[in-house]
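A.B. asks: Pasting a structure here, questions to come.
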Amino acid sequence: MVPGELPKTLRRSAGFKVDVDALPGAFMRSGSLRAPADSTAIREVASGDRPLRKLLTREQRDLYKAHAPAGLGLGELSVLGPIMTLKLKAPPMAFSHRIVAELWFYPDDSRILELSTKCPPDNAFQPAAETRAYLAERGIDIDGDQETKTRRALDFYAAGLQAER
């Protein structure tokens with residue numbers, strides 16, 4: 001996803017955000033278009049009692065239609081999950097940026113800890129360098145093998161769907 005190539009209406013949407021995941025040797029960009037949804041409606045979709053299209057806003061359905069693979073309708077998607085997550089939003093002591101910690105517990109007993117910090121897109125490199133230094137000073141190794149929590153979840157559940165077929 002290249003933010004500058006997206007329609008201005010989408011980039012200006014209140015629910016749209018761009019994330020950049022910094023991994024050793026790579027940056028991964030992703031976008032999301034969020035909208036409020038109640039937990040009852042989510043459970044109904046997950047159980048198959050309500051179609052996914054009823055959970056999504058028109059703006060979300062239009063985004064899907066514009067970017068989904070040809071011939072893959074919303075009704076053909078599978079619900080993946082659940083994944084137990086713990087999320088902590090707290091300003092660390094002696095650090096100028098807020099750090100968010102997410103711990104994802106996968107059903108195979110593996111887990112991923114993601115540490116992130118938020119910053120404006122025009123000033124991403126300075127906070128990234130400061131965060132890297134802050135973690136290194138505390139003995140947190142960020143140079144090992146890494147993968148994003150979402151990629152891990154998609155790979156895990158896609159393997160399960162393949163096995164079912």
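A.B. asks: Taking segment 87-133, which residues are more than 22 Å from the chain's Cα centre (by Cα) and in a loop (DSSP other than H, G, I, E, B)?
C.D. replies: Pro92, Met93, Ala94, Phe95, Ser96
A.B. asks: Next up: Please count how many residues of segment 129-165 are closer than 26 Å to Met93 by Cα and hydrophobic (A, V, I, L, M, F, W, C).
C.D. replies: Result for segment 129-165: 6.
A.B. asks: Another question, then. Tell me, which residue of segment 1-45 that is exposed (fewer than 11 other Cβ atoms within 10 Å of the Cβ) and of a type in the set (Ser, Thr, Tyr) is modelled with the highest pLDDT?
C.D. replies: Ranking the qualifying residues of segment 1-45, first place goes to Thr40.
A.B. asks: Looking at the structure I just gave you, is Thr40 assigned to a strand (DSSP E or B), within 29 Å of Leu113 (Cα to Cα) and among the β-branched types (Val, Ile, Thr)?
C.D. replies: It is false that Thr40 is assigned to a strand (DSSP E or B), within 29 Å of Leu113 (Cα to Cα) and among the β-branched types (Val, Ile, Thr).
A.B. asks: In the list Ala163, Ala158, Ala136, which residue meets the criterion of being over 29 Å from Val2 (Cβ atoms), at pLDDT 85 or above and part of a helix (DSSP H, G or I)?
C.D. replies: None of the others qualify; the one that does is Ala136.
A.B. asks: If you don't mind, there's one more thing I want to ask. Output the qualifying pairs, or none if there are none: Cβ atoms under 9 angstrom, residues six or more apart or on different chains, first residue in segment 142-154 and at pLDDT 80 or above, second residue hydroxyl-bearing (Ser, Thr, Tyr).
C.D. replies: Here the result reads Thr148/Ser30; Lys149/Thr85; Thr150/Ser30; Arg152/Tyr106; Arg152/Ser110; Ala153/Tyr106, each pair linking segment 142-154 to a residue that is hydroxyl-bearing (Ser, Thr, Tyr).
A.B. asks: If you go through segment 81-114 one residue at a time, how many are hydrophobic (A, V, I, L, M, F, W, C), modelled with pLDDT under 85 and surrounded by 13 or more Cβ atoms within 10 Å (Cβ to Cβ)?
C.D. replies: 2
A.B. asks: If you don't mind, there's one more thing I want to ask. If I go through segment 64-86 residue by residue, how many of them are outside any helix (DSSP H, G or I) and either under 20 Å from Ile42 (Cα atoms) or of a type in the set (Ser, Thr, Tyr) (or both)?
C.D. replies: 11
The values are calculated or read from the model by the stated rules, or taken from the named source; none is laboratory data. Every value quoted in this text rests on a predicted model; they were computed, and no experiment measured them. Counting neighbours? That spans all protein chains shown, and the Cβs are built from the backbone with ideal geometry, glycine included.
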